[in-house]
Amino acid sequence: MWLETLKSFLLIALELTALFIAISFLVSLLQGFIPYGKIEQKLTGKNHFLASLAAVVFAFITPFCSCSTIPIVVTMLKKKIPFSIVMVFLFSSPVLDPTILTIMGVIMGWKVALLYTFITAFFSILIGFSLDKLGFERYVKNVIMTGYEEKSQRFNWSLALKETWSLIKSVYPYLMAGAAIGAVINGLVPTRIISEWFGHDSWWLIPVAAIVGIPLYIRLSSMIPISQILIVKGMALGPVMAMMISSAGASLPEVVLLKSIFKTELVIAFIGSVIVMSTISGFIFYLI
């Protein structure tokens with residue numbers, strides 16, 4: 001059984017490694033053509049709908065986890081970018097990553113990846129504007145945080161290799177951790193247990209999975225291989241996606257960081273919004 005688990009880990013790890021390196025390098029090459037200056041102009045534009053789309057695009061091309069998003073949020077607030085647009089970026093940045101989404105498409109299917117992208121982008125925009133309309137901007141503290149520097153570098157192969165190596169150091173360990181957990185689930189956890197307990201159509205599994213995902217702090221890169229194995233074992237897609245979105249969208253370390261720039265009311269609203277987003281998303285996957 002342990003031999004099969006090791007074999008499963010090696011197969012998952014090899015597949016993910018090849019995909020991760022190839023896609024990361026390609027994305028790094030393409031980022032050289034992205035007009036960051038124009039995107040920033042759109043973020044501060046008068047058309048808030050176009051600005052929200054620009055925030056989603058900015059979130060998509062900046063592969064940050066939930067914690068490393070916070071310094072960017074502070075920088076955006078200091079630049080007087082509208083609160084609604086900042087919130088759109090805050091919610092969408094951890095859950096939208098071009099490399100991981102491509103791996104999701106290869107492993108879980110492009111229909112799942114595209115639907116995931118659309119749902120998370122839509123709810124990020126909806127929640128961002130809703131919090132703004134409800135007046136939550138008044139709960140932002142006046143703080144200064146360091147840790148983010150704007151970079152403007154010309155596109156070249158050596159830079160793409162450097163950025164790929166940087167991604168390998170920061171994200172790849174989480175990908176391998178997810179592969180290891182997935183291999184253990186695949187080799188040691190009986191299919192019958194997962195299919196009987198989590199494979200049925202009970203609606204309550206989705207909100208439970210969304211709530212459980214918050215304190216786990218499992219990055220999206222780790223959740224992909226875990227989710228693949230859980231689905232193969234018979235777990236329903238709805239709870240899997242709910243847990244994936246909530247664990248990537250919020251975490252205990254992020255909540256602690258947010259408490260330093262947001263008042264308690266906005267922190268609670270943020271956590272509740274992530275749970276609502278992941279729960280509704282889970283139900284959408286469940287229905288479709």
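No value in this document is a laboratory result; all are computed from the given coordinates. Fair warning: this is a prediction, and the values are worked out from it, not measured in the lab. Cβ placement follows ideal geometry from the backbone for every residue including glycine, while neighbour counts extend to all protein chains displayed.
Could you tell me which of the pairs Lys78/Lys133; Lys46/Lys78; Lys111/Lys233; Lys46/Lys111; Lys133/Lys263 are separated by over 29 angstrom between their Cα atoms in the structure shown? Display every interim value, and only then the final one.
Numbers: Lys78/Lys133 20 Å; Lys46/Lys78 18 Å; Lys111/Lys233 20 Å; Lys46/Lys111 34 Å; Lys133/Lys263 17 Å.
Over 29 Å apart, Cα to Cα: Lys46/Lys111.
Between Phe49 and Leu6, how many nm apart are label points set 7 Å from Cα along the C-beta direction?
About 5.9 nm separates the two model spin labels.
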